[in-house]
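Before any comments, here is the structure.
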Amino acid sequence: MRAAPQSAFLERLEHLLGAGGLLTAESDAAPFLVDQRELYRGKAIAVALPDTAQRVADVLELCNERGIAVVPQGGNTGYCGGATPDESGAQLLVSLKRLNRIRTVDALNYSLVAEAGCVLADVQRAADEADRFFPLSLGSEGTCQIGGNLSTNAGGLHVLRYGMMRDLVLGLEVALADGRLLSALTALRKDNTGYDIKSLFLGAEGTLGIITAASLKLYPRMSTAATAFAAVRDPRAAVQLLARLREASGDRVSSFELIPRLAVELTTRHIPGVRDPLDAPHAWYVLCELASARPADGLDAVLTESLQQALGAGLLTDAALARNEGERAGFWRLRETIPEAQRRDGASLKHDVAVPVAAIAQFIERAGAWVRANVPDGRLIAYGHVGDGNLHFNLNQAPGADRAAFMARGEAIKRVIHDMVVREFDGSFSAEHGIGRLKVGELERYAPPVELDLMRAVKHALDPNGILNPGKVLR
Ligand code: FAD
Ligand code: MLT
Ligand code: ZN
């Protein structure tokens, strides 16, 4: 039986959320209580499923009055445990999945308004149906939600050209800790009226408010793409190729992803339907795409010519151009399923780092040499958004290695990699995945003290009772 105060709280919640708005049975709540990497397993008083922004605000007002902590959850694809409650059983999980309407699409204004629980792929589709393009694209796009993308300031495959999620936002609607609803769903491109309050909630991982809707930027729909899977001499050659392609195409490079040989081996082994696009094995590859909204833009010719010149200059050793949509999809499937192939292959240690684009090759050389010399039971699989200077510098357990022993060294390995990134390369230990619960200690270690003080001041101003996602980002 529930204790009396808890039962009164749940009755109030049930009343304000309406039919189907509250899950209290353990079996119903279970899928919401573990993160996708299975690093954390939490407990919750219940799972609230509000279906309007006002209901989200009402839930927060009630929780604030009672001092009950709230953990917002979108698609639960985050990498840092930010959407999982702690083990106390005293926190309320708020899932945004029922708040999932596209409110408006304004093709002439190149904008749309989506509720926080819209799945990213549905937003992309809504834009496409209006002959427009919403550029955020991630391997998790069939599951992650706009509210989660905003709250992690997601990056992904098109940052090089369109920026991160933060750059795609015009306005926000946010439920605040005290139950007020901030309605700032502007569709304006220019608005210099005081502090940019919305920016506080972007990348805040649910610690400052619950985002309920966003006004997002759209772009002309892409109508042609030229895509190549090319074997590069080394990462240094990859960065040089990117610079050449940007120049030759008039900056129409929309993606430029670095892929090591091991990623090709793991995806072809573990993911049905993935095949190696090239005949012989090579140490490093790039998947690059040029895209344009103009139907006949000659992109294939630009790409072919650039690749031929790069071949002549010794930057490339081989390349395959996608001849049709099926081949293009095949290249992308290989890239987008690397995380899943890594998961199926065994334990992995992830480092989501960023360094200046021009320093990426030097970082791979230096950190790679350290891994080879010091982690005999791990295999390096460094891949990702090289056009943004963002590498997923991941290590997978080597075949036959002891999983527990490998994982136990994770902290020591992380320290070397992160110290190198931050102190030697002026880089970031969390380029696009956020802090959540996993990297709170890292933020304390590496953030300048003044920045941490300001973050704590903002947190206190917006959430004085500390009910919003406690223990995430800051503690
Ligand atoms: P969740 O995991 O549910 O939540 C993430 C954080 O946001 C939590 O702290 C949560 O409390 C908070 N939150 C969620 N919704 C709200 C809301 N409405 N208001 C306030 N706070 C909220 N990430 C990248 O950046 N780039 C990639 O390329 C990329 N690729 C991926 C590929 C795969 C296969 C997978 C599994 C993940 C990948 N990710 C990537 C990570 C992840 O998909 C992103 O971080 C995504 O933005 C998380 O969205 P979500 O809806 O799943 O959020
Ligand atoms: C990706 O780009 O595939 C993800 O952000 C990286 C990962 O899953 O580690
Ligand atoms: Zn990524």
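The values are calculated or read from the model by the stated rules, or taken from the named source; none is laboratory data. Keep in mind that this is a model prediction, so the values were computed, not measured. A quick note on method: Cβ atoms are made from the backbone with ideal geometry, for glycine too, and the neighbour counts reach across all protein chains shown. The accessibility values were calculated without ligands, DNA or RNA, using every heavy atom of the protein model including side chains. Shrake-Rupley method; radii C 1.70, N 1.55, O 1.52, S 1.80 Å.
Which one of Gly117, Gly81 is open to solvent by less than 20 Å² (accessible area, probe 1.4 Å) and at positive phi? Give the steps one after another, and end with the answer.
On the way: Gly117 fails: at positive phi.
It is Gly81.
Mind checking whether some residue in the range 126-133 is under 17 Å from Leu170 (Cβ atoms) and assigned to a helix (DSSP H, G or I)?
The answer is yes; a qualifying residue exists.
I'm trying to understand the selection: among the residues of the range 61-74, which are crowded, with 24+ Cβ neighbours inside 10 Å and either closer than 30 Å to Glu340 by Cβ or touching an Asp or Glu at 6+ places or on another chain (Cβ under 7 Å) (or both)?
Val71, Pro72, Gln73, Gly74
Working only within the range 396-425, note down all residues that are surrounded by 14 or more Cβ atoms within 10 Å (Cβ to Cβ), over 18 Å from Gly346 (Cβ atoms) and of a type in the set (A, V, I, L, M, F, W, C).
Val416, Ile417, Met420, Val421, Val422, Phe425
Residue-by-condition table, conditions (1) modelled with pLDDT under 95; (2) touching a Leu at 6+ places or on another chain (Cβ under 8 Å):
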| site | (1), (2) |
| --- | --- |
| Leu278 | no, no |
| Trp284 | no, yes |
| Glu289 | no, no |
| Arg294 | yes, no |
| Leu307 | no, yes |
| Gly312 | no, no |
| Leu315 | no, yes |
| Trp332 | no, yes |
| Arg335 | no, yes |
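Output the residue which, of all residues in the range 122-144 that are more than 10 Å from the chain's Cα centre (by Cα) and within 16 Å of ligand 2 (Cβ to nearest atom), is surrounded by the fewest Cβ atoms within 10 Å (Cβ to Cβ).
In this case the residue turns out to be Gly142.
Which ones in the range 208-241 are out of contact with any Phe, Trp or Tyr (no Cβ under 7 Å at 6 or more places or on another chain) and assigned to a loop (DSSP other than H, G, I, E, B)?
Ser223, Arg233
Against the conditions (1) assigned to a helix (DSSP H, G or I); (2) touching a residue at least 24 places away in the same chain (Cβ under 8 Å), where does Ala320 fall short? Just the number, please.
Unmet condition: (1).
Name the residue, out of Asn153, Asn100, that is more than 19 Å from the chain's Cα centre (by Cα) and either at pLDDT 95 or above or more than 29 Å from Tyr195 (Cβ to Cβ) (or both).
Asn100
Considering only residues that are assigned to a helix (DSSP H, G or I) and charged (D, E, K, R), look in the range 414-441 and name the one that is nearest to ligand 1 (Cβ to nearest atom).
Within the range 414-441, the subset assigned to a helix (DSSP H, G or I) is 414-425, 440-441.
With the extra rule that they be charged (D, E, K, R), the set shrinks to 414-415, 419, 423-424.
Working: Lys414: 18, Arg415: 23, Asp419: 23, Arg423: 24, Glu424: 24 Å.
Residue satisfying both the conditions and the ranking: Lys414.
Return a yes/no flag: does the range 184-192 have any residue that is under 30 Å from Arg66 (Cα atoms) and within 13 Å of ligand 1 (Cβ to nearest atom).
no
Please find, among Ala53, Ala30, Ala8, the residue that is surrounded by fewer than 18 Cβ atoms within 10 Å (Cβ to Cβ) and either closer than 24 Å to Gly471 by Cα or under 28 Å from the mean Cα position of the chain (by Cα) (or both). Step through it out loud before you land on a result.
On the way: Ala53 fails: surrounded by fewer than 18 Cβ atoms within 10 Å (Cβ to Cβ); Ala8 fails: either closer than 24 Å to Gly471 by Cα or under 28 Å from the mean Cα position of the chain (by Cα) (or both).
Only one candidate passes the filter, namely Ala30.
Name the single residue, out of those in the range 442-470 being in a loop (DSSP other than H, G, I, E, B) and not hydrophobic (A, V, I, L, M, F, W, C), that is most open to solvent (accessible area, probe 1.4 Å).
Asn465
Please state which of the following conditions Phe393 fails to meet, knowing it meets all the rest: (1) open to solvent by less than 20 Å² (accessible area, probe 1.4 Å); (2) assigned to a loop (DSSP other than H, G, I, E, B); (3) not aliphatic (A, V, I, L, M).
Answer for Phe393: the failing condition is (2).
Inside the range 348-365, can you point out the residues that are small (Gly, Ala, Ser), modelled with pLDDT of 95 or more and surrounded by fewer than 19 Cβ atoms within 10 Å (Cβ to Cβ)?
Ala359
Please go through the range 335-389 and pick out each residue that is in contact with a helix residue (DSSP H, G or I) (Cβ under 7 Å, 6 or more places away or on another chain), among the acidic types (Asp, Glu) and closer than 16 Å to Pro260 by Cα.
Within the range 335-389, just Asp345 meets the criteria.
Given the conditions (1) under 19 Å from Arg379 (Cβ atoms); (2) of a type in the set (Phe, Trp, Tyr); (3) more than 16 Å from ligand 2 (Cβ to nearest atom), which single one is not true for Tyr446?
If we test Tyr446 against (1) under 19 Å from Arg379 (Cβ atoms); (2) of a type in the set (Phe, Trp, Tyr); (3) more than 16 Å from ligand 2 (Cβ to nearest atom), just (1) comes out false.
With respect to Gly194, is the statement that it is over 30 Å from Leu307 (Cβ atoms), open to solvent by 40 Å² or more (accessible area, probe 1.4 Å) and of a type in the set (Gly, Ala, Ser) true?
So Gly194 passes the test.
Any residue in the range 115-133 that is without any contact (Cβ under 8 Å) to a residue 24 or more places away in the chain, in contact with a Phe, Trp or Tyr (Cβ under 6 Å, 6 or more places away or on another chain), of a type outside the set (Gly, Ala, Ser) and away from ligand 3 (no atom under 16 Å from the Cβ)?
Yes, because at least one residue in the range 115-133 is without any contact (Cβ under 8 Å) to a residue 24 or more places away in the chain, in contact with a Phe, Trp or Tyr (Cβ under 6 Å, 6 or more places away or on another chain), of a type outside the set (Gly, Ala, Ser) and away from ligand 3 (no atom under 16 Å from the Cβ).
How many residues does the range 258-313 contain that are of a type in the set (D, E, K, R) and more than 20 Å from Asn324 (Cα to Cα)?
The qualifying residues number 3.
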